[in-house]
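The values are calculated or read from the model by the stated rules, or taken from the named source; none is laboratory data. In this text the structure is predicted, and so the values were computed from the model without any measurement. Counting neighbours? That spans all protein chains shown, and the Cβs are built from the backbone with ideal geometry, glycine included.
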Amino acid sequence: MSNLAYSGLTEKLSTASKIAALTDLRSLTIIPNLSQKVFQAYIGTVLLQKPIIQKVDTFVKTTQRFGAVRDLLASFPCANLPDFDAERAWQTLMRWLLHFLPNRYALSVPNYSEVFYRIKTERC
């Protein structure tokens, strides 16, 4: 969705998706004219610099169910905003993390409950 908005192909998005994507892109301070590959890597890097993402990243070092991460987000100060919905926020954030950082995060769905976790990487 954000890839299309970034590329100027907003006519391929629904009105709601277009508004959401453009809002997201404005909040991330995107460098113009990046190739798709560089855009993907750049967004992943920018996301990992956000304090909320850093807290989620630390939390999901151990496997977490959807509700546990939703509850974590609900404990943050942003949860006091009138239009904040922790479930919707986690659903969106989870999709962003999986899309922009596919080598860092994974999702499984055993027994009808989404389980999200950080992929363990070997360090030399």
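General remarks:
- Taking every residue in the stretch 110-122 that is closer than 20 Å to residue 91 by Cβ and surrounded by 10 or more Cβ atoms within 10 Å (Cβ to Cβ) and pairing it with any residue that is modelled with pLDDT of 85 or more and of a type in the set (Asp, Glu), at least 6 positions away or on another chain, the pairs with Cβ-Cβ distances below 7 Å are 118/57.
- If you go through the stretch 84-109 and keep only what is without any contact (Cβ under 8 Å) to a residue 60 or more places away in the chain and basic (Lys, Arg), you end up with 88, 95.
- Filtered residues of the stretch 47-100 (kept if of a type outside the set (Val, Ile, Thr), farther than 18 Å from residue 27 by Cα and not in a helix (DSSP H, G or I)): 61, 64, 65, 75, 76, 82, 85
- Counting residues in the stretch 66-79 that are surrounded by 15 or more Cβ atoms within 10 Å (Cβ to Cβ), closer than 14 Å to residue 118 by Cα and either modelled with pLDDT of 75 or more or out of contact with any Lys or Arg (no Cβ under 7 Å at 6 or more places or on another chain) (or both) gives one or more.
- Top-ranked residue in the stretch 48-65 [being touching a residue at least 24 places away in the same chain (Cβ under 8 Å) and closer than 22 Å to residue 111 by Cα; ranked as surrounded by the most Cβ atoms within 10 Å (Cβ to Cβ)]: 60
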